[in-house]
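Novice: The following block contains the structure, expressed as structure tokens.
The values are calculated or read from the model by the stated rules, or taken from the named source; none is laboratory data. Just so it is clear, the model here is predicted, and its values are computed rather than measured. Using ideal geometry, Cβ is built from the backbone for each residue, glycine included, and neighbour counts are taken over all protein chains shown. Keep in mind that these areas ignore ligands, DNA and RNA; they rest on the heavy atoms of the full protein, side chains included. Shrake-Rupley method; radii C 1.70, N 1.55, O 1.52, S 1.80 Å.
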Amino acid sequence: MGAVIPVVIVAGFLGSGKTTLLNYLLRNNRGTRIGVVVNDFGAVNIDAMLVAGQVDAMVSLGNGCVCCAVDVSELDDLFAQLAQPRSAVDVIVVEASGLAEPRNLIRMVVANPNPRIGYGGLVEVVDAEQFGETSTRHPELISHLKLADLVLVNKADRVTPEALTALRAQITEWVGQVPVYATTHGRVDPGLLFDERTREEPKVAQQLSFDALLDDHDHDDPDHRHFHDDYVSVSYTSERPLNPRALVEFLENPPHGLFRAKGCVAFAVEGERRKFEMHLVGRHVTFTPGTWARGEQRVSSLVLIGAGLDADAALERLRATVFEGDSPLDDQAMLGIWRYTPSMV
């Protein structure tokens, strides 16, 4: 599981704040090595570096990250380069052109044959101030939102609280269960989008706040407004094996606000002793069967990450996936798992 490099696609209309988000991730990732892929170097200023850009340019950044410029048709070749162990990249972030069709980018990532490349989700960035007018001129932007695994309503400081609430409600109506996250200046804790190298997993469900990161304002100012949403990380462990049908139902109908889930699972199925590594990003689920290490306890451990996630409700639903019967299930119970196992489809 640790060898798979997630590819996170950042899309959104021109001027929505994609590059601002990218720069923020690079400056605040606390040790994670990010491979950045952009289409249009001419519009990108990474940490105040103006990079002149021909296709296939690659620039090493001072924090161990690497920035590349490619044509979309060459993404597979670039992914192969970045996935090589000597690149030591932990995550790849693709900043799509403001006019790009995200469906094509998703297909390229999901269909990539490299076993070290995995889909890390589509993040759609919305300009809170301009989206109403922009989506009227370009209605296809609404269809792009419906593909997203996470929607960031950026520049939230430029609209009234009432307008922000109305916009988020409208987007939620379009995207359903997908988290809709308000922020400003592209400030999103990297831990929401990918695993950070130096962060320890929380021992219990806890609220993770941005305040330690965003210390460039006066917290005592009564007029100050927070536009970010805290995200929640929930950890769950069960020494009893899980019911595969119940777990698939949980993943196919996830709690509101859930963006990512990961972990390893043991199933209560006759003759099934394998360890299943599980990943969920948005609506994309994968299971990878493997083996338990010598002496490793056969325990299911999951971590859920989301914005506005109700930790207690999520834990209650996870507890309901534990198999309570006296005799193991037959192998037909695994059919839902095989549907999300790449080697089985």
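Novice: Using the structure shown, decide if Ser73 is on the phi < 0 side of the Ramachandran plot, at pLDDT below 85 and open to solvent by less than 50 Å² (accessible area, probe 1.4 Å). Break it down into steps so the answer makes sense when it comes.
Specialist: Working: on the phi < 0 side of the Ramachandran plot: yes; at pLDDT below 85: yes; open to solvent by less than 50 Å² (accessible area, probe 1.4 Å): no.
Here the answer is no, as Ser73 does not meet what is asked.
Novice: Does Phe276 satisfy the condition of being modelled with pLDDT of 95 or more, crowded, with 18+ Cβ neighbours inside 10 Å and among the aromatic types (Phe, Trp, Tyr)?
Specialist: yes
Novice: Within the stretch 148-183, which residues are touching a His at 6+ places or on another chain (Cβ under 7 Å) and either at pLDDT 95 or above or surrounded by fewer than 20 Cβ atoms within 10 Å (Cβ to Cβ) (or both)?
Specialist: The one that is touching a His at 6+ places or on another chain (Cβ under 7 Å) and either at pLDDT 95 or above or surrounded by fewer than 20 Cβ atoms within 10 Å (Cβ to Cβ) (or both): Gln177.
Novice: Next up: Only one of these conditions is not met by Gly271: (1) assigned to a loop (DSSP other than H, G, I, E, B); (2) within 18 Å of Pro6 (Cα to Cα). Which number is it?
Specialist: Unmet for Gly271, out of (1) assigned to a loop (DSSP other than H, G, I, E, B); (2) within 18 Å of Pro6 (Cα to Cα): (2).
Novice: A further question on this structure: Can you tell me which residue in the stretch 231-262 is modelled with the lowest pLDDT, limited to those that are open to solvent by 50 Å² or more (accessible area, probe 1.4 Å) and assigned to a loop (DSSP other than H, G, I, E, B)? Talk me through it step by step, then tell me what you get.
Specialist: At the first step, the residues of the stretch 231-262 found to be open to solvent by 50 Å² or more (accessible area, probe 1.4 Å) are 237, 239-240, 245, 249, 252-253, 256.
Applying the additional criterion that residues be assigned to a loop (DSSP other than H, G, I, E, B) yields 239-240, 253, 256.
Values: Glu239: 96, Arg240: 96, Asn253: 93, His256: 87.
If we take residues in the stretch 231-262 being open to solvent by 50 Å² or more (accessible area, probe 1.4 Å) and assigned to a loop (DSSP other than H, G, I, E, B), then His256 is modelled with the lowest pLDDT.
Novice: Taking Thr286 as meeting all but one of (1) closer than 24 Å to Pro6 by Cβ; (2) outside any loop (DSSP other than H, G, I, E, B); (3) touching a Pro at 6+ places or on another chain (Cβ under 7 Å); (4) open to solvent by less than 40 Å² (accessible area, probe 1.4 Å), write down the number of the exception.
Specialist: Only one criterion in (1) closer than 24 Å to Pro6 by Cβ; (2) outside any loop (DSSP other than H, G, I, E, B); (3) touching a Pro at 6+ places or on another chain (Cβ under 7 Å); (4) open to solvent by less than 40 Å² (accessible area, probe 1.4 Å) is unmet by Thr286, namely (4).
Novice: If I filter the stretch 1-27 down to residues being hydroxyl-bearing (Ser, Thr, Tyr) and open to solvent by less than 40 Å² (accessible area, probe 1.4 Å), which single residue comes out as nearest to Gly290 (Cα to Cα)? Before the answer, list the steps.
Specialist: Of all residues in the stretch 1-27, those hydroxyl-bearing (Ser, Thr, Tyr) come to 16, 19-20, 24.
Still in the running and open to solvent by less than 40 Å² (accessible area, probe 1.4 Å): 16, 19, 24.
Values: Ser16: 42, Thr19: 38, Tyr24: 36 Å.
Among those that are hydroxyl-bearing (Ser, Thr, Tyr) and open to solvent by less than 40 Å² (accessible area, probe 1.4 Å), it is Tyr24.
Novice: Looking at the stretch 11-26, I want the residues that are at positive phi and in the same structural domain as Gly132 (by the TED database) and have a partner that is polar (S, T, N, Q) and open to solvent by 20 Å² or more (accessible area, probe 1.4 Å) with Cβ atoms under 9 Å, at least 6 apart or on another chain. Which pairs are those?
Specialist: Gly15/Gln130
Novice: Now, a different point. Confirm whether Pro139 is open to solvent by 20 Å² or more (accessible area, probe 1.4 Å), within 30 Å of Val89 (Cα to Cα), free of Cβ contacts under 8 Å to residues at least 24 places away in the same chain and not charged (D, E, K, R). Outline the logic, then answer.
Specialist: On the way: open to solvent by 20 Å² or more (accessible area, probe 1.4 Å): yes; within 30 Å of Val89 (Cα to Cα): no; free of Cβ contacts under 8 Å to residues at least 24 places away in the same chain: yes; not charged (D, E, K, R): yes.
Judged against the criteria, Pro139 is not a match.
Novice: Looking at the stretch 146-164, which of its residues are more than 23 Å from Leu193 (Cα to Cα) and not in a loop (DSSP other than H, G, I, E, B)? Break it down into steps so the answer makes sense when it comes.
Specialist: We begin by selecting, within the stretch 146-164, every residue more than 23 Å from Leu193 (Cα to Cα); these are 158-163.
Correct list: Arg158, Pro161, Glu162, Ala163.
Novice: Restricting attention to the stretch 89-107, which residues are at pLDDT below 85 and open to solvent by 30 Å² or more (accessible area, probe 1.4 Å)?
Specialist: Ser97, Leu99, Glu101, Asn104
Novice: Continuing with this model, one more query. Please state which of the following conditions Leu315 fails to meet, knowing it meets all the rest: (1) at pLDDT 95 or above; (2) closer than 26 Å to Val123 by Cα; (3) open to solvent by 70 Å² or more (accessible area, probe 1.4 Å).
Specialist: If we test Leu315 against (1) at pLDDT 95 or above; (2) closer than 26 Å to Val123 by Cα; (3) open to solvent by 70 Å² or more (accessible area, probe 1.4 Å), just (3) comes out false.
Novice: If you check Arg86, Arg30, which single one turns out to be basic (Lys, Arg), open to solvent by 30 Å² or more (accessible area, probe 1.4 Å), modelled with pLDDT of 60 or more and in a helix (DSSP H, G or I)?
Specialist: Details: Arg30 fails: in a helix (DSSP H, G or I).
Of the residues listed, the single one that is basic (Lys, Arg), open to solvent by 30 Å² or more (accessible area, probe 1.4 Å), modelled with pLDDT of 60 or more and in a helix (DSSP H, G or I) is Arg86.
Novice: Can I ask one more? Quickly run through the stretch 283-295 and pick out the residues that are at pLDDT 90 or above and closer than 18 Å to Tyr119 by Cβ.
Specialist: Result: His284, Val285, Thr286, Phe287, Thr288.
Novice: Right, another one. Would you confirm whether any residue within the stretch 318-338 is open to solvent by 40 Å² or more (accessible area, probe 1.4 Å), closer than 26 Å to Val123 by Cβ and either of a type outside the set (Val, Ile, Thr) or under 23 Å from the mean Cα position of the chain (by Cα) (or both)?
Specialist: Within the stretch 318-338, the first condition is being open to solvent by 40 Å² or more (accessible area, probe 1.4 Å), and the residues that meet it are 319-320, 324, 326-328, 330-332, 335, 338.
Now drop any that are not closer than 26 Å to Val123 by Cβ, which leaves none.
No, the stretch 318-338 contains no residue that is open to solvent by 40 Å² or more (accessible area, probe 1.4 Å), closer than 26 Å to Val123 by Cβ and either of a type outside the set (Val, Ile, Thr) or under 23 Å from the mean Cα position of the chain (by Cα) (or both).
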